[in-house]
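Written below as structure tokens is the structure these notes are about.
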Amino acid sequence: MEIKKIRLGGILLSTNVLMAPLAGYTCYPFRMLAYEMGAGLCFTEMSGANALKYRDRATRRLLFTTAEEPVRAVQLLGGTPAVMERMACGELLADFDIIDINMGCPVPNVFKSGEGSALMLDQKRAAAIIRGCKKSGKPVTVKCRTGIHESNMFTAEFARMCEDAGADLLTIHGRSRNMMYDGTPCYREIAHAKAAVSIPVIANGGIYSAEDAEKMMERTGADGIMLARYALENPFIFSELTGKGCQKTLLQILLEQMELTGRYYEETYTLAYIRKLASYAMKKRRGTKRYKERLFRCGSIEELREVVTLIFTQNP
């Protein structure tokens, strides 16, 4: 695929390979890893605007960043325009350069609350949310789906609304809400949306290899791609796609992630995060299943470091 820079207002993204916001994974350490590997933009985990309004401690932790992060982008979830505007313009997000609005989450409790992909059914409210977030003076991006049901997709129409409301970039997960995370992405719908707007369109969904990324770009004409869970399994995918060299082993990466997480987060969080990341990295690796139970029994950083070293030294 063609690697190119993307401009969002006064921000120039170094590549058109983006990392999706993933609950439980795209914390500050993983975002720094993705940037190191060649990602052009990474987002925080999905952060609820209502929870932020009440200064929920767990939600505020999702916003952790430092001046070292190349581009700081936060993903907001919410369905009330006034609350979304207040959070986008407030002090809690002052350190962030870009605001992404979640209009694609398919999870039932989110959908029932009128948030996430439910906003695709209420374009007037969705437009008001975009306009409100734009008052922050920052670039605003939107992540959506192709529609609610695969029998009734309206991606191009929704894309035009987003652009008209002021969105600077649109990421489209190539599945409808009812498809959740399974099934072949609808490349044609993404292509229709790309043809309907002048803002950059990023294609997401069903990318599990460099070949899949190439296919997505060819079939949609998108300006770039967004990786999701496959990047947890193979963080080297960013360097494979962008050509950015990386001489590190997977073990080195995991140990560095452990050190960086331990520097900024409490031990309980560090243990849980590294266990999950190591579990993804162990996928499709022969002889690692027998270590799974031991990995999750680790009760300290020291013990976790020993087990991770054992697993990835014997299975490099």
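The values are calculated or read from the model by the stated rules, or taken from the named source; none is laboratory data. No experiment lies behind these values; they were computed from the predicted model shown. All Cβ positions, glycine included, derive from the backbone under ideal geometry; neighbour counts span all protein chains shown. Ligands, DNA and RNA are stripped out before the accessible areas are found, and what is left, the full protein with its side chains, is counted by its heavy atoms. Shrake-Rupley method; radii C 1.70, N 1.55, O 1.52, S 1.80 Å.
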Estimated vicinal HN-Hα couplings, Hz - the stretch 255-266 in sequence order (Karplus 6.51, -1.76, 1.60; Gly, Pro = x): 5, 5, 5, 4, 5, 5, 5, x, 6, 10, 10, 6
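Accessible area per residue for the stretch 41-159 in Å², computed with a 1.4 Å probe and the full protein assembly in place, what is it? Don't skip to the answer; put the middle values down first.
Working: 4830 Å² over 119 residues.
Heavy-atom SASA per residue in the stretch 41-159 reads 41 Å².
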GNM on the chain, Cα springs under 10 Å; top mean-square fluctuation among 112, 248, 124 goes to 248
Heavy-atom accessible surface of the stretch 224-301: percent carbon and sulfur, 1.4 Å: 49
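Taking the Cα centre of the stretch 217-316 as the origin, how large is its charge dipole in debye, to the nearest 20, when only Lys and Arg (+1) and Asp and Glu (-1) carry charge on their Cβ atoms? Before the final figure, lay out the partial values.
Details: 17 positive and 12 negative charges, 114 e Å.
It works out to roughly 540 debye.
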Only Lys, Arg, Asp and Glu count, each charged at its Cβ (+1, +1, -1, -1), so figure out the dipole size of the chain about its Cα centre, rounded to 20 debye. 520
Report, to the nearest 10°, how far helix 187-196 tilts away from the longest principal axis of the Cα atoms in the chain, using its own Cα long axis and a range of 0 to 90°. 50
Counting only protein heavy atoms with a 1.4 Å probe and every protein chain in place, the carbon and sulfur fraction of the accessible surface of the stretch 1-120 in whole percent equals 50
Taking GluC sites (Glu not before Pro) as candidate sites, keep only those in a DSSP loop with at most 10 other Cβ atoms within 10 Å, then name the longest stretch of the chain containing none of them. 69-265
Taking the alpha-carbon distance from residue 134 and a cut-off under 16 Å, which aspartates and glutamates remain once sequence neighbours fewer than 8 residues away in the same chain are dropped? 85, 91, 95, 97, 100, 163, 164, 168
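In Å², and per residue, what accessible area does the stretch 244-316 have when probed at 1.4 Å with the other protein chains present? Walk me through the numbers before you get to the answer.
Details: 4270 Å² over 73 residues.
Accessible area per residue, the stretch 244-316: 59 Å².
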Among the aspartates and glutamates, which have Cα under 13 Å from the Cα of residue 283 when same-chain residues fewer than 8 positions away are ignored? 233
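If each residue of separation counts as 0.36 nm, what is the full-extension length gain between residue 215 and residue 256 once their alpha-carbon separation is subtracted? Can you show the working numbers first?
On the way: separation 41, 0.36 × 41 = 14.76 nm, distance 3.27 nm.
That works out to 11.5 nm of additional length.
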Residues with beta-carbon under 14 Å from that of residue 72, excluding residue 72: net charge, scoring Lys, Arg +1 and Asp, Glu -1? -4
Take the residue pairs 124/194; 5/276; 143/289; 215/292; 194/284; 4/276 and return only those whose Cα atoms are more than 25 Å apart. 5/276; 143/289; 215/292; 194/284; 4/276
Rounded to the nearest percent, how much of the accessible area of the stretch 143-200 (1.4 Å probe, protein heavy atoms only) is carbon and sulfur? 46
So what's the back-of-envelope 222 nm ellipticity for the chain, counting only DSSP H runs of four-plus at -39500 (n - 2.57) apiece and dividing by all residues, rounded to 500? -12500 deg cm²/dmol
Rounded to the nearest angstrom and ordered from largest down, what semi-axes does the equivalent ellipsoid of the stretch 38-179 get from its C-alpha gyration tensor (root of 5λ)? 24, 16, 15
For residue 164 and residue 113, calculate 0.36 nm times their separation in residues minus their Cα-Cα distance, and state this gained length in nm to one decimal. 15.8 nm
